[in-house]
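Novice: Shown below is the structure under consideration.
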Amino acid sequence: MKLLIRSDLRDHHVGYDESRYWRTRDRNWLLNLGILRRIEDAEYLACEVCADGTLGEVHLDIGPEPRIYCEAHGLMRVRPERLQRWRLDFGALGTAIRGALKLTGNSEVVTPGRIWLLGRQQLGKTPVEFFLIRGVAWSDNLELLMSAPRLTGSRAPIFVCPDQLPTSPEWARAGRASLRLSEWAHLEQGQLQIEFDAFAEVCVREEDPAERALTPTPVVARAALLRKFCSNHGGATVGDVAAWAGVDRSDLNKWKLGKEGVPDGGARAHRIEQLLQRDIRVRG
Ligand SMILES: [Zn+2]
């Protein structure tokens, strides 16, 4: 879902040339979901002859096909489909998230173009409200937060962020959590899927002080916890994690699968949990 990473840019778009590197199936799914919206055609395109992809201005009024003007090669014909460009539609993304998480209650635009209330869901005893946030790490993020009383007044909000997470501590106050879509969402059979149960396990552990007593991670959430830890540590490998926890790779794998040999509460399981839950390394 590279589109999610791209969408953190203020004026993001995806051009046809680039979209050819995506799987056709994924692009069609995105278009069918309405998440990928066609925008105005490109005004500049890369010259297909120049090795460095020099951009040339598009001319539509010289003959039946569009042409670009390249300084090195002059006027060159280009295939019309190369002009197509798309952008992530946040409103449609919000609708897809609401469906994927089976949210109920009202949905509304809180701050046009930036904050959408998607609905709510009961999480244990707490009714949690979901907000889709665009540009949570942009320089104006504090003004954005302060100008949205609907959001700051929410007792247990989850901020759904396309990729970048909040960098200001105000967004991470007690009771607030952020869900990074690029990490927890994927497309399956043309539908947006979000691994919310696994996210909730990790999130409760991080947010709730009562859980700080290092409860063993449920086996179903271990693979996700491990993945999240690796991705938060610059793409660390399973070997790195085992070394930092001071266990063999095979022990780490047994712990992940909940197999005998690395029992919960034992020294090796404890070192793994210390590392993955609290980032405490036994060995440097
Ligand atoms: Zn050229």
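Novice: Kindly list the number of the only condition in (1) under 24 Å from ASN141 (Cβ atoms); (2) surrounded by fewer than 17 Cβ atoms within 10 Å (Cβ to Cβ); (3) modelled with pLDDT under 90; (4) not acidic (Asp, Glu) that fails for LEU3.
Specialist: In the conditions (1) under 24 Å from ASN141 (Cβ atoms); (2) surrounded by fewer than 17 Cβ atoms within 10 Å (Cβ to Cβ); (3) modelled with pLDDT under 90; (4) not acidic (Asp, Glu), LEU3 misses (2) alone.
Novice: In region 99-118, which residues are among the charged types (D, E, K, R) and under 19 Å from the mean Cα position of the chain (by Cα)?
Specialist: LYS102, ARG114
Novice: Just to verify a result, which residue in region 91-115, among those that are in a loop (DSSP other than H, G, I, E, B) and of a type outside the set (A, V, I, L, M, F, W, C), is surrounded by the fewest Cβ atoms within 10 Å (Cβ to Cβ)?
Specialist: PRO112
Novice: Follow-up question, since we're still on this one. Quick check on region 119-131. Is at least one of its residues part of a loop (DSSP other than H, G, I, E, B) and within 20 Å of the chain's Cα centre (by Cα)?
Specialist: Looking through region 119-131, none of the residues is part of a loop (DSSP other than H, G, I, E, B) and within 20 Å of the chain's Cα centre (by Cα).
Novice: Only one of LEU88, LEU75 is away from the ligand (no atom under 16 Å from the Cβ) and touching a residue at least 12 places away in the same chain (Cβ under 8 Å); which?
Specialist: Matching residue, one of LEU88, LEU75: LEU88.
Novice: Scan region 219-236 and report the pairs whose first residue is aromatic (Phe, Trp, Tyr) and whose second residue is modelled with pLDDT under 95, with Cβ atoms within less than 7 Å and a gap of 6+ or a chain change.
Specialist: Pairs that qualify, where the first residue is aromatic (Phe, Trp, Tyr) and the partner is modelled with pLDDT under 95, are PHE229/VAL241; PHE229/LEU276.
Novice: So, one more: If I filter region 143-196 down to residues being of a type in the set (Lys, Arg) and at pLDDT 90 or above, which single residue comes out as surrounded by the most Cβ atoms within 10 Å (Cβ to Cβ)?
Specialist: Here the residue is ARG180.
Novice: Somewhere in region 7-24, is a residue away from the ligand (no atom under 16 Å from the Cβ), within 19 Å of GLU188 (Cα to Cα), part of a helix (DSSP H, G or I) and touching a residue at least 60 places away in the same chain (Cβ under 8 Å)?
Specialist: yes
Novice: Can you tell me which residues in region 25-57 are touching a residue at least 24 places away in the same chain (Cβ under 8 Å), within 13 Å of the ligand (Cβ to nearest atom) and loosely packed, with under 15 Cβ neighbours inside 10 Å?
Specialist: Once the filter is applied, which keeps residues that are touching a residue at least 24 places away in the same chain (Cβ under 8 Å), within 13 Å of the ligand (Cβ to nearest atom) and loosely packed, with under 15 Cβ neighbours inside 10 Å, region 25-57 yields TYR44, VAL49.
The values are calculated or read from the model by the stated rules, or taken from the named source; none is laboratory data. As the structure is a prediction and not an experimental result, all values here were calculated from the model. Don't worry about glycine lacking a Cβ; one is built from the backbone with ideal geometry, like all the others, and counts go over all protein chains shown.
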